1. Taking the conditions exactly as written (modelled with pLDDT under 95, of a type in the set (Gly, Ala, Ser) and within 30 Å of THR218 (Cβ to Cβ)), does GLY255 satisfy them or not?
2. Tell me the helices (runs of 4 or more DSSP H) entirely within region 258-347 that contain at least 3 residues that are hydroxyl-bearing (Ser, Thr, Tyr), free of Cβ contacts under 8 Å to residues at least 24 places away in the same chain and surrounded by 13 or more Cβ atoms within 10 Å (Cβ to Cβ).
3. Specify the residue that is nearest to the chain's Cα centre (by Cα); the eligible residues are those in region 420-436 that are outside any helix (DSSP H, G or I) and either among the small types (Gly, Ala, Ser) or more than 19 Å from LEU282 (Cα to Cα) (or both).
4. Which residue pairs have Cβ atoms closer than 6 Å, lie 6 or more positions apart in sequence or on different chains, and pair a first residue in region 408-419 that is more than 22 Å from ARG387 (Cα to Cα) and acidic (Asp, Glu) with a second residue that is surrounded by fewer than 17 Cβ atoms within 10 Å (Cβ to Cβ) and modelled with pLDDT under 90?
5. Any residue in region 445-460 that is outside the structural domain of PHE265 (by TED's automatic domain parsing) sitting within a Cβ distance under 7 Å of a residue that is of a type in the set (Asp, Glu) and at pLDDT 90 or above? List the pairs, counting only those 6 or more apart or interchain.
6. Got a number for residues in region 383-419 being hydroxyl-bearing (Ser, Thr, Tyr) and assigned to a helix (DSSP H, G or I)?
7. Checking the structure you have, find out if any residue of region 77-92 is under 30 Å from ILE474 (Cα atoms), surrounded by 12 or more Cβ atoms within 10 Å (Cβ to Cβ), at pLDDT below 80 and in the same structural domain as GLY133 (by TED's automatic domain parsing).
8. Being in contact (Cβ under 8 Å) with a residue 12 or more places away in the chain and outside any loop (DSSP other than H, G, I, E, B) is the filter here, so list the residues in region 196-218 that pass it.
Amino acid sequence: MSKAEFTELLQAPAARRAARLMPRFMRRTASRWLALVVALEVVLLMGAVFLAVYLRFISAPDPLAYYAPLWLQGVRALLFATMVVLGMTTMGLYQPHLRESWSGSLVRQAVGFMFGTCALLVIYYAFPPLELGRGILTMALLFGFVLVTGLRAMSDRLVDMEALKQRVLVLGSGDRAALIEQRLRRQADRRRFRVVGYVRCGNESSAVGADKLVSIDTPLAEWALVHRIDEIVFGPDDRRGGLPMQDLLQCKQIGVQVTDLASFFEREAGKIKISLTDPSWLVFSGGFDSSVGRQLSKRAMDVIASLAVLALTWPLLLLVALAIRIESGPGQPILYRQERVGLLGSVFSLVKFRSMRTDAEQDGKARWAGKNDDRVTRVGRIIRRTRLDELPQLWNILRGDMSIVGPRPERPEFVSELDSELRYYSLRHCVRPGLAGWAQLRYAYGASKQDAEEKLKYDLYYVKNHNLMFDVLILIQTFEVVVFGRGVR
């Protein structure tokens with residue numbers, strides 16, 4: 001494209017520009033592929049209900065209208081689709097960074113359908129007019145499972161198509177830019193984007209392969225348009241030469257997204273890369289919502305969710321208490337209290353079911369829980385694996401010491417040590433600690449300083465981006481952790 005053609009395109013009417021930039025729009029739509037898949041699954045699941053009704057009453061003059069009014073069938077179909085989708089959500093099937101084999105995903109899907117069915121049965125018991133007949137429900141589940149499986153197989157193929165991936169150009173080729181190759185190297189990490197190349201900035205030493213370097217001998221915006229670049233990631237090692245503001249501004253004029261390296265990692269990895277982060281980025285990049293509305297919504301969710309979980313699990317609380325008493329004998333404590341650090345560094349007494357021997361820390365020295373820790377009792381191993389040991393923390397949530405979702409509360413001894421060694425560690429205390437959390441979903445149980453550092457990246461992501469919907473999704477997906485026993489020690 002010549003300079004004159006490039007200038008003409010910038011000055012062209014919106015319709016012509018849109019036609020030229022349509023491939024970029026298609027790729028940006030692909031970055032929201034997950035939302036489209038959810039919508040299609042809802043449609044297919046509703047269609048499965050209507051198909052089941054039609055086949056069940058196929059001999060009737062008007063099979064669909066014979067069973068019930070169409071509007072009522074629509075409500076029933078939507079309820080069916082919603083519960084099944086929520087069931088699959090609990091199994092983590094809508095996580096954008098889910099790494100699972102085909103067979104593993106199929107198992108998750110089957111369990112998600114089972115959860116959805118259980119929820120439907122409860123609703124049908126409470127609201128009989130919404131009930132689907134047993135035969136129709138069975139056929140709808142079968143048809144829905146087949147249709148969703150087919151859609152997911154097709155969507156996985158489409159997502160992996162290069163033509164639908166976001167085309168990314170990286171300004172920088174040094175150690176900072178090379179983190180994209182080092183940390184986002186797996187196929188699952190790159191399902192939504194493709195790095196077209198790296199541009200060497202100034203005199204920096206290249207840390208990426210020579211085959212990945214590109215040279216730009218035309219204006220940056222023109223080069224980006226010719227090579228169909230969707231996003232430019234700015235990540236040179238040395239920023240003292242200043243930003244190429246004029247070039248980047250022109251790129252934004254033609255619809256190319258401009259992102260700094262730290263924000264790119266935050267979006268693609270679901271965590272904050274601490275080595276790329278400076279205080280100014282944290283200050284100006286948005287997030288950290290502590291408005292009155294957010295505090296009220298979070299507290300309301302804490303109380304409602306805690307009471308709901310307590311109402312569902314109180315028989316288990318009694319059984320666990322009885323099992324601990326039988327194993328340990330009379331006079332031994334059932335509950336275990338331990339000091340933890342909460343909101344703004346305040347210390348509170350956390351309550352758990354005792355899962356270790358009473359002499360676990362007889363010398364008074366705090367220790368990380370290790371894998372196959374010999375201090376854990378037989379009952380303790382079971383309740384740790386099922387997370388039943390943490391149910392008494394519902395009392396801490398109702399008291400206001402904790403939230404239903406937030407960073408894991410740590411002991412003061414560990415916090416003092418980690419705060420002096422890890423940058424931004426204290427930021428995780430600007431929200432209440434939680435029973436469930438983003439780091440608990442994305443990373444295994446932390447039992448060392450290295451684990452704490454890795455989990456901090458996810459905790460900071462949550463602290464920066466938390467909102468009511470994010471909390472709901474984390475809480476739903478926590479069921480997956482309980483069912484599969486991930487991250488247990």
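The values are calculated or read from the model by the stated rules, or taken from the named source; none is laboratory data. Remember, predicted model here, so these are calculated numbers, not experimental data. Note: ideal-geometry Cβ built from the backbone for every residue, glycine included; neighbour counts use all protein chains shown.
1. Criteria met by GLY255.
2. The helices (runs of 4 or more DSSP H) meeting that bar number zero.
3. Looking at the filtered set, the residue picked out is ALA436.
4. GLU413/ALA366
5. What qualifies is LYS449/GLU421.
6. Residues flagged as hydroxyl-bearing (Ser, Thr, Tyr) and assigned to a helix (DSSP H, G or I) within region 383-419 amount to 1.
7. Yes, region 77-92 contains a residue that is under 30 Å from ILE474 (Cα atoms), surrounded by 12 or more Cβ atoms within 10 Å (Cβ to Cβ), at pLDDT below 80 and in the same structural domain as GLY133 (by TED's automatic domain parsing).
8. Across region 196-218, the qualifying residues are VAL196, GLY197, TYR198, VAL199, LYS212, LEU213.
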